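Every number here is computed from the coordinates shown, using simple stated rules; none is lab data. As the structure is a computational prediction, the values presented were derived from the model and not from experiment. Every residue, glycine among them, receives a Cβ derived from its backbone with ideal geometry; neighbour counts consider all protein chains shown.
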Amino acid sequence: MDNIVSVQNVSKVYDNGFQALKNINLNIRRGEILALLGPNGAGKTTLISTITGIVNHTSGHILVDGFDNKKQFRETRRRIGLVPQELTIGAFETVWNTVRFSRGLFGKHYDVNLITSLLEKLSLLDKKDDQLRMLSGGMKRRVLIAKALSHEPMILFLDEPTAGVDVELRKDMWHVISELQAQGVTIILTTHYIEEAEEIADRIGVINNGELMLVEDKDVLMSQLGKKQLIIDLKGATKELPSSIKSRNIELSSDGLTITYTYDINADAVGITSLLQQLKDNGLVLKDLNTKQSSLEEIFVGLVKDSSSSRKNQ
Amino acid sequence: MNINAIAVIYRAEMMRAVNTLFQTIASPVISTSLYFVVFGSAIGSRIETIDGVSYGLFIVPGLTMLTLLTQSISNASFGIYFPKFTGTIYEILSAPLSFHEALIGYVGAAATKSLVVGTIILLTASLFVEMRIEHPVWMLVFLFLTCITFSLFGFIIGIWADSFEKLQIVPILVITPLVFLGGSFYSINMLPPFWQTVSFFNPVVYLVSGFRWSFFEVSDVNVWTSFSVIAIFLVLCLAMVSWMFRTGYKLRQ
């Protein structure tokens, strides 16, 4: 697989001694959408900042499309667009001028047609002469995306792109991101919204305490770590589970009306048939059945919790 | 070299002045007029001449230098501090341009704005006194050097400052007193010997003196000494900026 970004043994220690990144190794594939998940302060923004050149890494190497991001910073930076987490945007410039400014910063000539089409795509064309301070938060977010795309980058970093935007706008953003991917842009996004990663990402990276805990195809991650639950509603309450089916994977609700069986979807025999048979043999009458697959959020919380508890034990 | 980047930074900075055009033009015109009313007419009417130059005319170079210094510093310091304050500096840091290219854009715009203001002051002054410039080339040299050097100095302050208070400290507590005590409105020769000696430790004395010499051939120190002092200050500022860029001081962690 062709890697467009290669992060090799990168660490970052800030002047105050805080180690934000610990020996990170990450390859980002050309044309993919990679979602970086992690709690606040995990190192997501620092990782993006080191790749984009805003922060100097303390050790290691970062290659962007084969170029070293320190020694050949002009080559690497002109390939990258960045949408920051905060709505860091001026106040008195117009939408048009700020996008024009960003394009020029990246060494590109003023191009009326390109800026027009970009603003149109992001539903900003009717706001082109508005001052930035007049825009809503969602519109400002779109302007930041327009600025990041103004120099036609091949890699786009989105640091929490949908933080604080309403559901409708979030879905619009997902649509824009998918369109960009279709045009060949590689997209790396950090997010707190697990459903966002679940919805649009090809691969998921989980970062916690400066360590990259895993990077995996979303579907593989879901199937490897995903657990499924069979929830059985009983017609009448039972005081305890029959001894033949007692196991730690089966729980009875406190009201005695629901049995929850957690199983591994990858197991050869998941045991549902025998469970149902045993319930029948013990005279329990079923009212309803449904299944629930664990979400990425549950996987993520589990991973972060495991990492925290293993650190405490060390 | 990323010429387009330099051009857009320069343009954006100049647009800020254009957007506040009235303030940019009216402020120096009004303050210069007030100085002429207070110093030129009220006080100047009681002082006949200084070194053969009428007092109203004598204060023109000092008055221009006072505004050039403060404008250059405030324009350049605000220009780089504001993106740091709002966070928009991320664009500069992640763009394919070197710090030196950013410097040319910011300092070039700040110096240009100061030059415009300096020209407005000289034009306003010519409404009050009959202007006389003996050495126009030297006048332009001092004008350009002062604008560039103090814009560089302002740029350094803008990088160093991490609050609006710090941004104001140096111009208010250091530059303004130095300019007022730097012979802007009087000749150093008018001071008692002790204060004359003290004044020669004030670098602004050399600036004002050299600039005044270009107008009337009247100076407190030799013109080459004045030129050397400002050239040394320029080199010091360049060295400081170079160090800041090399280490990423308060710009890139």
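Some points to look at:
- The residue list A:VAL55, A:SER6, A:LEU257 was ranked by how far each Cα lies along the charge dipole of chain A toward its positive end, using unit charges on Cβ atoms, and A:VAL55 comes out on top.
- The range A:34-192, relative contact order [Cα under 8 Å, separation at least 6], %: 31 percent
- Ellipticity estimate at 222 nm from DSSP helix runs (n ≥ 4, -39,500 (n - 2.57)) divided over chain B, nearest 500: -24000 deg cm²/dmol
- Neighbour-limited loop hits for GluC sites (Glu not before Pro), the range B:124-167 (at most 16 other Cβ within 10 Å; DSSP other than H, G, I, E, B): B:GLU130, B:GLU134
- Stokes-Einstein D in µm²/s, Kirkwood radius over Cα pairs - the protein assembly as shown at 20 °C with 1.002 mPa s viscosity: 76 µm²/s
- Cα gyration tensor shape of the range B:3-247, rounded if a/c is under 1.5, else prolate or oblate by comparing a/b with b/c: prolate
- If you sort the three axes of the alpha carbon gyration tensor as a ≥ b ≥ c, you get a/c of 1.5 or more for the range A:57-115 and a/b no higher than b/c, which makes it oblate.
- Dipole magnitude of the protein assembly as shown, debye to nearest 20 (Cβ charges: Lys/Arg +1, Asp/Glu -1, about Cα centre): 520 debye
- Residues B:THR176, A:THR190 arranged by fewest to most Cβ contacts within 10 Å: B:THR176, A:THR190
- Going from the residue with the fewest nearby Cβ atoms within 10 Å to the one with the most, A:SER59, B:SER33 rank A:SER59, B:SER33.
- For chain A, complete DSSP H runs whose alpha carbons reach 15 Å or more along their own long axis and whose mean Kyte-Doolittle score is -0.5 or higher are A:95-105, A:137-149, A:167-182, A:296-313.
- When each of the peptides B:16-22, B:166-172 is scored by the mean number of other C-beta atoms lying within 10 Å of its residues, the order from highest to lowest reads B:166-172, B:16-22.
- Given B:LYS84/B:LYS250; A:LYS12/A:LYS44; A:LYS121/A:LYS171; A:LYS44/A:LYS140; A:LYS121/B:LYS84, the pairs whose alpha carbons are separated by over 19 Å: A:LYS44/A:LYS140; A:LYS121/B:LYS84
- Share of pairwise Cα separations in the range A:227-293, more than 21 Å, in percent: 15 percent
- Cβ neighbours within 10 Å from other chains - mean over B:2-14: 4
- Only helical runs count toward this figure. For chain A, summing -39,500 (n - 2.57) over DSSP H runs of n ≥ 4 and dividing by all residues gives -10000 deg cm²/dmol at 222 nm.
- When each of B:ARG212, B:ARG252, A:ARG141, A:ARG203 is scored by the number of other beta-carbon atoms lying within 10 Å, the sequence from fewest to most is B:ARG252, A:ARG203, A:ARG141, B:ARG212.
- The range B:170-218 pair-distance distribution - Cα-Cα, 10 Å bins, rounded %: 27, 54, 18, 0
- Prolate/oblate/rounded call for the range B:138-205, Cα gyration tensor, a/c under 1.5 rounded: oblate
- Student exercise, the range A:3-223 dipole from Lys, Arg, Asp, Glu Cβ charges, in Debye to nearest 20: 840 debye
- Straight-line reach from A:LYS127: taking Cα to Cα under 20 Å and skipping same-chain neighbours fewer than 8 places apart, the aspartates and glutamates in range are A:GLU93, A:ASP111, A:ASP166, A:GLU168, A:ASP172.
- The range B:3-247: relative contact order as a whole-number percent, Cα under 8 Å and 6+ apart: 26 percent
- Note on the range B:173-253: Kirkwood hydrodynamic radius from all Cα pairs is 14.1 Å, rounded to one decimal.
- For the range A:1-57, diffusion coefficient by Stokes-Einstein and Kirkwood Rh (Cα), 10 °C, 1.306 mPa s, µm²/s: 131 µm²/s
- In chain A, Cα pairs under 8 Å separated by at least six residues give a relative contact order of 19 percent.
- Here is the list for the range B:39-140: trypsin sites (Lys or Arg not before Pro) lying in DSSP coil, each with at most 15 other C-beta atoms within 10 angstrom of its C-beta, are B:ARG132.
- Rg ratio for the range A:107-195: its Cα radius of gyration over 2.2 N^0.38 Å, N being its residue count, equals 1.08.
- The tail of the calculated P(r) for the range A:3-223, taken as Cα-Cα distances beyond 28 Å, holds 28 percent of the pairs.
- Farthest toward positive dipole pole in the range B:3-247 [+1 Lys/Arg, -1 Asp/Glu at C-beta], among B:MET190, B:LEU207, B:GLY118: B:GLY118
- Per DSSP, loop GluC sites (Glu not before Pro) in the range A:154-256 with at most 11 further Cβ within 10 Å: A:GLU240
- Taking the Cα atoms of the range A:177-269, the ratio Rg/Rh between the radius of gyration and the Kirkwood radius comes to 1.17.
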